[in-house]
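For reference, the structure discussed in these notes is given below.
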Amino acid sequence: MSATAAREDPFKPAARVAGQRQDVWSIVNEAAAASPVQPIVNMGQGFFGYNPPKFALDAAKEALDKVDCNQYSPTKGRPRLKKALANAYSKSLGRELDPETEVSITTGANEGMLSAFMAFIEPGDEVIIFEPFFDQYISNIEMPGGTIRYVPLHPPKDGATRTSSAAEWKVDFDQLEQTINPKTKMIVLNTPHNPVGKVFSREELQRIGALATKHNLIILSDEVYDRLFYVPFTSIATLSPELYERTLTVGSAGKAFYATGWRVGYLIGPPHLVKYVAAAHTRICYSSVSPLQEASAVAFEKADGEGFWDQSRNEMRAKVDLFCKVFDELNIPYSDPEGGYFVLANMASVKLPEDYPFPPHVANRPRDFKLAWFLIKEVGVAAIPPTEFYTDANAHIAEDYLRFAVCKNDDVLETAKERLRGLKKYITQ
Ligand SMILES: Cc1ncc(COP(=O)(O)O)c(C=O)c1O
């Protein structure tokens, strides 16, 4: 018998994709599709409920008419986009960036981060991430063989009884330093943070930066929500020339211009880091979508003149305020975001009926999965259970919270509020 024929299951998937548990997106989306309340108000996934600004859309349409925009772009990105980003970020990072060596375009921030891990992580290397985490980090780190060390952000102790600033989710710096060991190669930061809405303070970044310098770590700073901040925002790369030298800053044109489906992301950093990210990116997907890179270039060129950044920040903050009024009304405490477009509401006071028929794949998950299921079925609003963004050991930290994405039209937010008022009868104060 040949070796192939002897294999028990020729179609056995690799462990990295086999996945034992159903992922949160399919649980929530399937439940939403089957809910008796239709159409469901989906505040789960962080996609926008409206189009990019006209100047970006027009640029995308025009790009399709240009011959070179329909062909391969250079692997590190279209020169026009690298230049537009170098201009935009020379301002925000406070240093003159070289578009040729300090900027690289990727297929969304996500593939950019995969490329960064592929570039620097060897099997056995360790990467520190904070919990809750953006779920893609996990597979992106594990694919090149990295081991993840988790450091939880600690919510305010009275988060179940008091609305508080997302700033109150804190890093335990002793815990962070104890997690660092000779195998630690990288630390991943996310600011403004998904799902907490925290914007790391300058002082916190200085402490993280000092540890990274002391232990010689690369910092991967995921700043995809960098245009949406409601308190002063600092990029760790700006804190000192030494920190710039060890930091890869990640951005997303998709998040910046309400175009998550365009899949245009970028990494900015010193040449000695960016060149290897670009090398990995070349092997993963060669280059990224040409016409939408061109459109992103035009959008970055025009955004300041259009007053778009201020407008987008003000509009998103207004959405947070509009939506959160319902939690104020219901006396449901929440974590008031300092940036981004997610709100974590603490549903500890919502009493789920004891005999409620949760299906097994929800019944065996933490309480937030049951809350999410219940809201979908009984109220008609979909939100994300944030324990999905925790290890099992730390999931208890977030099991009373639900994450709501407010990047939706105001009428959708109003419908969501109206429906959430239906929770009143389940609230015990
Ligand atoms: C924290 C964070 N990083 C990265 C991404 C991915 O960005 P992109 O759509 O550009 O790949 C997301 C998307 O939700 C995110 O929330």
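A few remarks follow.
- Among the residues of the stretch 372-388, the ones that are over 22 Å from the mean Cα position of the chain (by Cα) and among the aliphatic types (A, V, I, L, M) come to 3 in all.
- So residue 298, is it buried (at least 24 other Cβ atoms within 10 Å of the Cβ), in a helix (DSSP H, G or I) and either in contact with a helix residue (DSSP H, G or I) (Cβ under 6 Å, 6 or more places away or on another chain) or small (Gly, Ala, Ser) (or both): no
- Only one of 132, 192 that is surrounded by 21 or more Cβ atoms within 10 Å (Cβ to Cβ) and out of contact with any Pro (no Cβ under 6 Å at 6 or more places or on another chain): 192
- Of the strands (runs of 3 or more DSSP E) lying entirely inside the stretch 203-278, those carrying at least 2 residues that are β-branched (Val, Ile, Thr) are 218-222, 247-252.
- Test: residue in the stretch 229-243 that is in contact (Cβ under 8 Å) with a residue 12 or more places away in the chain and within 13 Å of the ligand (Cβ to nearest atom): no
- Scanning the stretch 257-272 for residues that are among the polar types (S, T, N, Q) and closer than 22 Å to residue 94 by Cβ gives no hits.
- Hey, residue 208 among the β-branched types (Val, Ile, Thr), within 16 Å of the ligand (Cβ to nearest atom) and under 24 Å from residue 168 (Cβ atoms) or not: no
- Of all residues assigned to the stretch 346-363, at least one qualifies as being part of a strand (DSSP E or B) and either small (Gly, Ala, Ser) or crowded, with 19+ Cβ neighbours inside 10 Å (or both).
- The set of residues in the stretch 63-76 being part of a helix (DSSP H, G or I) and in contact (Cβ under 8 Å) with a residue 40 or more places away in the chain consists of 63, 68, 69, 70.
The rows are residues; the columns are (1) over 22 Å from the mean Cα position of the chain (by Cα); (2) aliphatic (A, V, I, L, M); (3) assigned by the TED database to the domain that holds residue 402.
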position	(1), (2), (3)
179	yes, no, no
190	no, no, no
193	no, no, no
196	no, yes, no
245	yes, no, no
267	no, yes, no
284	no, yes, no
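- Residue check for residue 45: surrounded by 10 or more Cβ atoms within 10 Å (Cβ to Cβ), in a loop (DSSP other than H, G, I, E, B) and outside the structural domain of residue 145 (by the TED database): yes
- Among the conditions (1) more than 16 Å from the ligand (Cβ to nearest atom); (2) surrounded by 13 or more Cβ atoms within 10 Å (Cβ to Cβ), the only one that residue 51 does not satisfy is (2).
- Filter result for residue 32 (surrounded by 10 or more Cβ atoms within 10 Å (Cβ to Cβ) and modelled with pLDDT of 85 or more): yes
- Failed item in (1) within 16 Å of the ligand (Cβ to nearest atom); (2) crowded, with 21+ Cβ neighbours inside 10 Å, with residue 148 passing the rest: (2)
- From the list 376, 397, the lone residue that is among the aliphatic types (A, V, I, L, M), within 16 Å of residue 197 (Cβ to Cβ) and either away from the ligand (no atom under 16 Å from the Cβ) or assigned to a loop (DSSP other than H, G, I, E, B) (or both) is 397.
- Residues (surrounded by fewer than 24 Cβ atoms within 10 Å (Cβ to Cβ) and of a type in the set (Phe, Trp, Tyr)) located in the stretch 255-295: 258, 276, 286
The values are calculated or read from the model by the stated rules, or taken from the named source; none is laboratory data. Just so you know, these numbers come straight off a predicted model, no measurement behind them. We place every Cβ from the backbone using ideal geometry, glycine too, and count neighbours over all the protein chains shown.
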